[in-house]
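Contents: one structure, followed by commentary.
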Amino acid sequence: MDDKSNIKVSDAPEVASDQTPETSGSTGPFIEPAIEPASPTSAASTQLQQRQRASQLAQALRNELQKAVIDQNAVIEDVLTALIGGGHVLLEGVPGLGKTLLVRALASCIGCEFARIQFTPDLMPSDVTGHAVYDMQTEQFKLRKGPLFTNLLLADEINRAPAKTQAA
């Protein structure tokens with residue numbers, strides 16, 4: 001058989017023109033078309049389309065955030081870079097720059113849950129992480145989730161909390 005052929009020979013039963021492989025009683029080579037691998041150009045084309053779509057989505061998200069938070073384009077760019085990279089962001093600044101608004105708008109745009117913790121000197125670690133509560137009716141412990149159990153968390157004024165709470 002020619003190496004350039006698109007036909008593969010297997011050990012399945014030989015099929016007559018009016019029979020299917022299941023109904024044929026004879027044995028012999030069964031000819032079936034080979035599966036063609038994806039061409040490098042189609043894989044590159046798919047990757048290019050995915051990149052273009054991701055770029056369009058990022059630009060649309062950037063535009064929506066710029067509508068909500070005025071004149072903070074560099075901060076928006078940095079936050080989106082961290083979001084795409086899967087990292088964390090530490091926003092520092094004087095009150096009134098729109099840090100909370102930015103996180104709230106980002107959560108709204110991407111359809112995520114948002115929570116905010118106002119750190120104070122008397123905040124306990126369980127106030128952040130949650131705690132187990134004993135339910136007398138079911139005689140089991142139930143977890144009361146703290147604000148840490150969210151998609152986007154804004155931890156405001158972390159420096160005011162005790163070290164034990166900051167570590168939580």
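Points worth noting:
- The string of couplings for region 51-57 from the Karplus curve (6.51, -1.76, 1.60, θ = phi - 60°) is 5, 5, 5, 4, 5, 5, 5 Hz, one whole number per residue in order, with x for Gly and Pro.
- Compactness of region 34-168 is given as radius of gyration and Dmax, 21.0, 70 Å, from Cα positions.
- Sparse packing (at most 16 other Cβ atoms within 10 Å of the Cβ) combined with a DSSP loop state is found for the following chymotrypsin sites (Phe, Trp or Tyr not before Pro) in region 68-168: F149.
- Relative intensity, log₁₀ I(q)/I(0), of region 113-168 from a Debye sum that treats every alpha carbon as a point, q = 0.12, 0.14, 0.24, 0.30 Å⁻¹: -0.33, -0.43, -0.90, -1.16
- The GluC sites (Glu not before Pro) of region 36-114 that DSSP puts in a loop, and whose beta carbon has at most 11 other beta carbons within 10 Å, are E92, E113.
- The trypsin sites (Lys or Arg not before Pro) of region 46-123 include none that DSSP puts in a loop with a beta carbon having at most 15 other beta carbons within 10 Å.
All of the numbers you see were taken from the coordinates with simple rules; none came from a lab. Since this is a predicted model, take the numbers as computed values, not measurements. In this analysis, Cβ positions are derived from the backbone assuming ideal geometry, glycine residues included, and neighbour counts consider all displayed protein chains.
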